[in-house]
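The values are calculated or read from the model by the stated rules, or taken from the named source; none is laboratory data. Owing to the predicted nature of the structure, the values given are computational and were not obtained by experimental measurement. Positions of Cβ are generated from backbone atoms using ideal geometry, with glycine treated the same way; all protein chains shown enter the neighbour counts. Surface areas here come from the heavy atoms of the whole protein model, side chains and all, with no ligands, DNA or RNA. Shrake-Rupley method; radii C 1.70, N 1.55, O 1.52, S 1.80 Å.
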Amino acid sequence: MRARLGYAGGAAVLVLAAAPYFLAPYATTTLTRMLVFALLAASLDLLVGFAGLPALGHAAYVGVGAYAAAWFAKNVGSAGPVPLVIALGAGAVAAAATGWVAVRTHGVFFLMLTLAIGEIVAQAAETWEPVTGGSNGLYGVPATRIGDTPLAVAGVYWYVLAAFVVGFLVLWLVSRSPFGAALRGIRDNEPRMRALGYATRRYKYLAFVLSGAIAGLAGGLLAAQQRLVTPSDLGFTTAALALLAVIIGGSGSLWGPCLGAAVVIVVRDVVGPDIDGHGPLLLGLVFILVVYLLPRGAAGLQWPTRNRPTAPPARALEEARRS
Amino acid sequence: MTAALSCQSVSRTFGALRAVDGVDLEIRPGARHALIGPNGAGKTTLFRLITGLLRVSGGQVSLGGRDITRLSEVRRARLGIGQTLQHASLFGSMTAAENVALAVRRHVPPVPVRERAVWARVDELLTGVGLAGRGRVAAAALSHGERKQLELALALAGRPRVLLMDEPAAGMSAADRARLAGLVRALPESVTILFVEHDLDLVFDLATEVTVLSLGRVLLTGTPAEVRSSPEVRTAYLGTARDEPLFLGEADVPAS
Amino acid sequence: MLTWLDANLVSILNGVAIGFLLFILAIGLSLIFGMMDVLNLAHGALFLLGAYLAWMLAGADPGWGAFALALVVAGLVGLACGGALAVMVEPLRRRGHLDQALLTLGVALVVSELLAVFFGRDVRAVNPPPGLDRTVTVLGEAYPVYRLALIGAGAVLAVVVHLVVERTTVGSLVRATVADRDMVSAIGVDNRKVRLAVLGLGSLMAAVAGVLGAPIYGARPGLDATVLILALVVVVIGGLGSVRGALVAALLIGQIESLGRALLADAASFVLFGALAIVLIARPQGLFTRSGAS
């Protein structure tokens with residue numbers, strides 16, 4: 001089974017690599033956007049599907065990475081993967097700074113806190129004009145260069161594809177490692193993990209930082225592809241769409257959210273213009289349908305109801321904290 | 001001889017309620033120590049105070065002579081406290097073997113070479129609790145009795161010095177109960193056991209010492225025989241001292 | 001001290017006005033969260049709906065009649081939407097609170113996009129009704145009368161809500177359900193009806209808050225997310241299901257948003273985040289609920 005997945009993955013990469021030879025430039029650009037969003041969705045899945053932490057503010061780390069990469073490209077240089085490394089680092093730092101607070105909460109409270117984090121970062125992006133360009137954002141980002149040559153449509157596509165493969169592989173390897181198994185244990189039954197002697201908070205924090213780093217990388221790719229970063233790139237809608245992608249595609253599988261991301265991009269960017277740019281409307285309806293029809297509930301997000309008698313989050317939290 | 005586990009004047013209040021009130025408990029190494037008492041006696045609270053899920057309001061908890069009162073549940077687990085709960089607390093999305101592997105891995109550094117050692121230990125533990133060959137079954141698909149067996153495997157993975165069991169026989173059929181009793185009896189002396197139980201037959205079958213709690217206080221600690229014949233224990237369970245038999249086996253007429 | 005007060009009085013008064021507005025918005029969210037543990041992420045969209053209704057019916061130059069009509073229509077639409085939400089959430093009751101929250105998220109997306117379909121993406125401004133569009137001098141500063149009226153209206157509504165929750169049978173049912181839902185259903189009360197009522201009335205108040213806030217905030221895409229966050233912060237800090245807590249927290253947040261922004265500019269957001277984080281970590285049940293309830 002594992003071997004078959006490996007072959008499927010390898011074949012998919014080959015097909016994707018060949019795409020620019022068969023597609024018109026516009027389609028290639030759309031595919032590029034899909035890859036960027038897919039990486040974001042996969043990074044979110046590490047939190048949602050593996051650690052069981054429903055994060056609604058993940059776009060913040062994409063935004064931080066995007067702004068960092070764009071700023072770097074404009075003011076220092078746009079050579080090769082350097083802006084991407086900057087973006088990854090920025091995402092990691094932002095996640096580290098906010099994550100230590102977030103992982104001390106659970107379930108709905110975690111959702112609220114991450115939502116608040118996302119909104120606050122978005123607001124900061126809007127108001128911190130000297131650095132972020134305010135509501136106009138950072139535009140005129142120079143094209144990425146490999147060596148001395150700036151990349152064109154196909155070049156950007158392969159650049160993004162390469163980074164996507166690297167990022168996805170990192171997530172994949174982590175998910176299959178003992179660390180990933182521990183995350184799944186925390187998702188299934190955190191109290192049991194603690195009773196076994198796992199310092200669960202540390203694991204959740206690490207997952208949060210790693211997830212934020214890869215999201216930052218996705219942001220760097222966004223900046224490279226769009227050559228423009230605006231506050232809406234890290235707003236509530238983006239965060240909601242990312243969560244949508246994960247849920248639609250099936251959380252806990254890493255590749256499912258990638259497919260979900262493709263669906264979201266297709267609806268938003270391909271079908272969207274045909275319905276006056278109201279793609280999010282269609283997506284919202286799809287999302288509602290998915291929430292109702294998912295057999296296992298928002299898949300993999302096993303919450304207090306699973307292994308313990310039903311207790312509302314507030315009380316469950318109090319019980320676990322009675323001290 | 002240092003007690004394997006001891007509580008000194010341990011108490012715990014919730015607002016105005018003194019759930020546990022000045023409890024002294026000494027458990028000698030290798031003991032099979034039962035904790036019994038009527039509902040509301042504070043058994044579960046005391047259980048949680050020992051495992052670390054709850055923090056004490058007063059008093060001291062010691063493990064093998066070491067003061068663990070201020071330590072978190074995670075730290076206590078690492079020092080050698082294992083636990084099984086009333087509702088088998090497992091990892092629902094994984095197979096039985098994966099469940100045990102999680103417990104084992106906590107004690108094995110994540111080096112690839114060790115993988116084989118991990119799975120060998122998993123097999124050893126599964127066989128030890130009577131689940132040999134059931135490793136590939138999803139935890140959610142196991143029967144109630146098997147889930148309790150699996151939980152025992154999880155608790156034993158860390159080679160605990162003290163194993164705390166909360167109502168191990170809860171919800172079990174007679175056959176499962178017998179199997180469980182056999183498993184517990186087979187555990188080595190290096191594992192000290194403290195178990196909370198309502199099933200008094202099981203208690204008198206397995207226990208070497210018994211502590212009776214009532215209204216948060218220790219009523220009596222002694223051998224099963226002493227507890228069985230104590231008038232105070234009767235009063236605590238029945239409300240008034242009577243001459244009627246409290247425990248089945250004493251006479252053929254059950255208490256009304 | 002007096003000069004400081006003088007210089008910042010406008011901000012402080014703004015803060016009180018925003019605070020009462022937030023209270024009206026957040027109380028429904030707090031009660032439904034406290035009662036059903038349902039995080040209604042569509043609450044902000046209802047506020048925005050109210051704001052757009054105000055613009056549509058009362059426009060840029062509303063008469064009193066138009067404004068009152070907007071309030072009534074928004075109230076009814078809000079009530080209907082709340083009822084619809086209750087119905088939609090019902091089948092998911094067994095599936096856990098996260099699924100319910102996700103459902104409301106989907107609804108929020110749909111509603112906010114529908115609003116963009118109908119009303120476009122421009123920022124819409126609404127003027128206060130005649131009589132309230134003047135300014136009055138307070139301590140030497142000109143201050144909009146509308147905001148003072150808002151403070152008045154908010155205070156009245158706060159008293160009404162307090163009376164309903166503390167003195168009526170329905171209110172006592174709500175309080176009981178917040179404290180111990182299983183007990184309430186055990187004594188035979190149909191939780192569904194209570195939930196329907198709370199979701200309906202809470203949504204009604206959210207939409208009304210949108211109308212009342214329109215002369216201050218206008219109506220624009222993205223406003224729903226902004227007010228949702230503020231309402232969530234109020235609910236968390238004030239405590240789930242606590243009326244008193246919601247009021248105090250709302251006034252506090254109102255001050256941070258107003259005075260805080262005036263004094264600290266952008267750092268005000270971080271103060272907000274910090275407060276939320278501290279409360280979530282240290283006292284997740286909020287500052288005003290009894291700890292260890294049941």
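Brief remarks on what is shown
- Within the set A:Thr105, A:Thr132, A:Thr98, the sole residue that is within 14 Å of chain C (Cβ to nearest Cβ) and modelled with pLDDT under 80 turns out to be A:Thr132.
- Members of region C:34-55 found to be over 13 Å from the mean Cα position of the chain (by Cα) and under 17 Å from C:Ala249 (Cβ atoms), listed by number: C:Gly34, C:Leu39
- Only one entry of A:Thr149, A:Thr144 meets the criterion of being in contact with a Leu (Cβ under 7 Å, 6 or more places away or on another chain) and either away from chain B (no Cβ under 14 Å) or of a type in the set (Phe, Trp, Tyr) (or both), and that entry is A:Thr144.
- Pick from region B:102-114, criterion facing chain A (nearest Cβ under 7 Å) and out of contact with any Leu (no Cβ under 6 Å at 6 or more places or on another chain), ranking: modelled with the highest pLDDT: B:Leu102
- The single condition among (1) basic (Lys, Arg); (2) open to solvent by 70 Å² or more (accessible area, probe 1.4 Å); (3) under 23 Å from the mean Cα position of the chain (by Cα) that C:Arg134 does not meet is (3).
- Per-region count, region B:192-222, residues within 15 Å of B:Gly30 (Cα to Cα) and open to solvent by 10 Å² or more (accessible area, probe 1.4 Å): 4
- Single unsatisfied condition, A:Asp233 versus (1) in a helix (DSSP H, G or I); (2) at pLDDT below 80: (2)
- Lone qualifier among C:Val194, C:Val208 - being over 16 Å from C:Phe23 (Cβ atoms) and β-branched (Val, Ile, Thr): C:Val194
- Test: residue in region C:93-112 that is closer than 24 Å to C:Tyr146 by Cα and outside any helix (DSSP H, G or I): no
- The condition (being under 30 Å from C:Leu41 (Cβ atoms), part of a helix (DSSP H, G or I) and within 19 Å of the chain's Cα centre (by Cα)) is satisfied by just one residue among C:Val170, C:Val165: C:Val165.
- Region A:47-103, subset crowded, with 24+ Cβ neighbours inside 10 Å and of a type in the set (Val, Ile, Thr), residue farthest from C:Leu98 (Cα to Cα): A:Val64
- Which listed residue, of B:Ser72, B:Ser57, B:Ser89, is crowded, with 17+ Cβ neighbours inside 10 Å and either in contact (Cβ under 8 Å) with a residue 40 or more places away in the chain or in the same structural domain as B:Ala225 (by TED's automatic domain parsing) (or both): B:Ser89
- Annotation note: of B:Arg18, B:Arg48, B:Arg28, the sole residue that is in the same structural domain as B:His198 (by TED's automatic domain parsing), within 17 Å of the chain's Cα centre (by Cα), within 25 Å of B:Ala236 (Cα to Cα) and open to solvent by 30 Å² or more (accessible area, probe 1.4 Å) is B:Arg48.
- Residue match in region A:288-295 (condition: outside any helix (DSSP H, G or I), open to solvent by 10 Å² or more (accessible area, probe 1.4 Å), modelled with pLDDT under 85 and facing chain C (nearest Cβ under 9 Å)): yes
- Filter result (β-branched (Val, Ile, Thr), crowded, with 22+ Cβ neighbours inside 10 Å and within 12 Å of another protein chain (Cβ to nearest Cβ)) within region A:152-201: A:Ile186
- The condition of being modelled with pLDDT of 90 or more, surrounded by fewer than 20 Cβ atoms within 10 Å (Cβ to Cβ), more than 10 Å from every other protein chain (Cβ to nearest Cβ) and within 15 Å of B:Leu187 (Cα to Cα) holds for B:Thr127.
- Within region C:54-95, considering residues that are within 14 Å of another protein chain (Cβ to nearest Cβ) and farther than 18 Å from A:Leu289 by Cβ, the one least open to solvent (accessible area, probe 1.4 Å): C:Arg93
- Among the residues of region A:151-193, those that are among the polar types (S, T, N, Q) and part of a helix (DSSP H, G or I) comprise A:Ser175, A:Asn189.
- Scope region A:48-70; condition under 20 Å from A:Trp255 (Cα atoms) and within 13 Å of another protein chain (Cβ to nearest Cβ); matching residues: A:Val48, A:Gly49, A:Phe50, A:Ala51, A:Gly52, A:Leu53, A:Pro54, A:Ala55, A:Leu56, A:Ala59
- Residue among B:Gln8, B:Gln83 that alone is polar (S, T, N, Q), in contact (Cβ under 8 Å) with a residue 24 or more places away in the chain and surrounded by 19 or more Cβ atoms within 10 Å (Cβ to Cβ): B:Gln83
- Within region B:142-246, strands (runs of 3 or more DSSP E) holding 3 or more residues that are more than 14 Å from every other protein chain (Cβ to nearest Cβ): B:192-196, B:209-214, B:217-222
- Residue check, C:Ala206 open to solvent by less than 50 Å² (accessible area, probe 1.4 Å), in a helix (DSSP H, G or I) and more than 18 Å from C:Asn40 (Cα to Cα): no
- Taking the criterion of being open to solvent by 10 Å² or more (accessible area, probe 1.4 Å) and either without any contact (Cβ under 8 Å) to a residue 12 or more places away in the chain or not in a helix (DSSP H, G or I) (or both), the residues of region C:209-224 that qualify are C:Arg220, C:Pro221, C:Gly222.
- Counted as qualifying within region B:66-137 are the helices (runs of 4 or more DSSP H) with 2 or more residues that are of a type in the set (Asp, Glu), namely B:115-128.
- Count of region B:159-171 residues, restricted to those that are open to solvent by 20 Å² or more (accessible area, probe 1.4 Å) and closer than 22 Å to B:Ala132 by Cα, is 1.
- Qualifying residue in region A:198-208 (condition: at pLDDT 90 or above, at negative phi and not in a helix (DSSP H, G or I)): yes
- Scanning region C:137-157 for residues that are out of contact with any helix residue (DSSP H, G or I) (no Cβ under 7 Å at 6 or more places or on another chain), open to solvent by less than 50 Å² (accessible area, probe 1.4 Å) and farther than 23 Å from C:Ala246 by Cβ turns up C:Pro144, C:Val145.
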